[in-house]
Amino acid sequence: MNQQGTTDEAVALTPWEAGRYVRKLDPRESRYSRGFLRCRPEKWFPGFPTHWLPLAHSLGVELKAIEVKPMLAFPSGLEVSYGGTVDGEPIRVAVDAASCRILLNAFVPGSNPAGNEIVIEYLARRFMASLAMSWSGPQSSVVQFDSQAEHRETDVAGVVKFTGSVNGDQIVIWMALGKSLVERLDGLWRRQVQSTVKPQEGGASVSIEVSQLAVPPTMLVDYLKAGTIIDLEVPLGDSVTLRLGGKAWQVARLCDIDGKVGFETLPGPVASPVLPEGTTRLSIQFGTVTLDAAAMAEMAQPGAIWGSSIPLSDVVQLIINGEKVGAATLCCYQGRFAITVA
């Protein structure tokens with residue numbers, strides 16, 4: 001049970017500084033977290049593996065797909081890269097030196113340096129052509145290969161990382177995409193997620209909770225008295241609970257998005273401890289956001305991020321039965337969260 005603080009505890013209290021405990025996010029990560037960064041690109045290219053089977057069988061090469069992962073950052077220092085366009089927008093396919101060696105050893109073992117460049121370019125051309133022919137999305141696209149195309153880092157809005165194996169050795173292929181393609185994939189995935197929502201379903205208020213206290217009604221006045229120090233008995237960190245309709249909905253990670261409160265949903269069940277009989281639940285929250293039905297469906301995906309308009313600070317609200325009954329300052333005490341009631 002949480003207890004009120006003492007004068008000695010006040011001395012041990014230190015300020016809670018968001019910069020020390022909360023991850024600062026690139027706004028793009030929040031923007032694409034519910035669509036592009038959560039999407040499964042391989043679902044839109046179901047026939048891609050079959051385009052490689054004849055070549056693999058003829059040369060006795062074993063090819064396996066391991067993972068396809070959307071990302072934002074395109075790595076530097078890759079061995080070779082080739083450009084192209086999709087509906088006129090530049091794209092780029094690149095591999096590192098280790099992946100190049102694995103591909104060459106599998107497809108043309110013992111080849112000379114002059115031939116190596118031709119083989120890698122052929123594989124890059126085939127890679128792009130296979131993507132174009134296996135695309136099953138709602139809009140067709142014109143894909144063109146251009147080994148001389150320029151591609152600047154500022155053109156990269158998103159990246160798809162293909163991890164696979166060739167004869168048991170792991171390779172990584174990177175594909176850099178422009179903004180138009182990223183937006184297209186982002187929209188496709190979000191519409192797919194939102195398709196599970198019934199048109200008549202409304203939204204709801206979601207509370208961002210740091211902790212909760214079980215307080216006997218006779219002690220509420222003491223807990224809410226200005227200057228009271230309360231040890232929340234929760235380890236310092238960035239974990240919060242999202243509450244929907246007063247009930248625990250999801251576990252999330254607190255984020256800093258342009259100085260405002262954001263949260264990233266996490267996988268796994270959310271704990272919902274039962275309060276002792278005869279006690280009142282006092283919730284310590286950063287605030288509340290309103291999500292419509294479509295946003296709630298998107299936020300149900302682990303890794304989805306939502307940015308609020310709540311300033312990220314050490315000010316928290318004290319809530320009982322959905323009503324604000326006070327405010328407090330979030331503090332640190334012996335590696336745990338504590339509050340000083342305002």
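Among PHE145, PHE36, the sequence by solvent-accessible area, most first, with a 1.4 Å probe is PHE145, PHE36.
Taking the Cα atoms of segment 196-342, the ratio Rg/Rh between the radius of gyration and the Kirkwood radius comes to 0.97. Extension gain, TYR21-GLU117: 0.36 nm per intervening residue step, less the Cα-Cα distance, totals 29.8 nm.
Within the listed set LEU232, LEU37, LEU63, the residue fluctuating most in the Gaussian network model of the chain (springs between alpha-carbon atoms under 10 angstrom) is LEU63. The radius of gyration of the Cα set in segment 91-249, together with its Dmax, comes out at 27.0, 85 angstrom. Taking the helices alone, the chain has a mean residue ellipticity at 222 nm of -7000 deg cm²/dmol, built from -39,500 (n - 2.57) per DSSP H run of at least 4 residues and averaged over all its residues. Here the extension length gained between SER309 and THR163 equals 48.8 nm, from 0.36 nm per residue of separation less the Cα-Cα distance.
If you take the Cα centroid of segment 172-193 and the Cα centroid of segment 230-293, the two points sit 31 Å apart. Nearest 10 degrees, 0 to 90: what angle lies between the long axis of helix 97-107 and the longest principal axis of the chain (Cα atoms)? That works out to roughly 40 degrees.
The modelled label-to-label distance between ASP222 and VAL197, using points 7 Å beyond Cα along the C-beta direction, is 4.6 nm. Efficiency by 1/(1 + (r/R0)^6): what FRET value for MET133 and LYS247, r their Cβ-Cβ distance, R0 = 56 Å, to the nearest 0.05? Approximately 0.70, to the nearest 0.05. In angstrom, the C-alpha Rg and Dmax of the chain are 26.3, 85. The mean sequence separation of alpha-carbon pairs under 8 Å and at least six residues apart, normalised by the residue count of the chain, gives a relative contact order of 24 percent. For the chain, the Cβ-based charge dipole about the Cα centre amounts to some 660 debye (Lys, Arg positive; Asp, Glu negative; other atoms uncharged).
Taking every alpha-carbon pair under 8 Å whose residues sit at least 6 apart, segment 166-296 reaches a relative contact order of 34 percent.
If the label point is 7 Å along Cα→Cβ of ASP258, which residues in segment 296-330 have backbone nitrogen under 17 Å from it? Residues 305-313 fall inside that zone. Taking every C-alpha pair closer than 8 Å and separated by at least 6 residues, the mean separation divided by the residue count of segment 34-124 gives a relative contact order of 22 percent. Build a GNM of the chain with springs between Cα atoms under 10 Å apart, and of THR50, THR85, THR228 the one that fluctuates most is THR50. Of LEU220, LEU330, LEU25, which is the most mobile in a GNM of the chain whose springs link Cα atoms less than 10 angstrom apart? Top of the fluctuation ranking is LEU220.
Every Cα-Cα pair of segment 14-157 was included, and the share exceeding 24 Å stands at 44 percent.
Its residue count N sets the reference 2.2 N^0.38 Å, and the alpha-carbon radius of gyration of segment 171-245 equals 1.99 times that reference.
The values are calculated or read from the model by the stated rules, or taken from the named source; none is laboratory data. Note that the structure is a prediction, hence the values are computed from the model and not measured. Neighbour counts run over all protein chains shown; Cβ positions are idealised from the backbone, glycine included. These area figures cover heavy atoms from the full protein model, side chains too; ligands, DNA and RNA do not enter into them. Shrake-Rupley method; radii C 1.70, N 1.55, O 1.52, S 1.80 Å.
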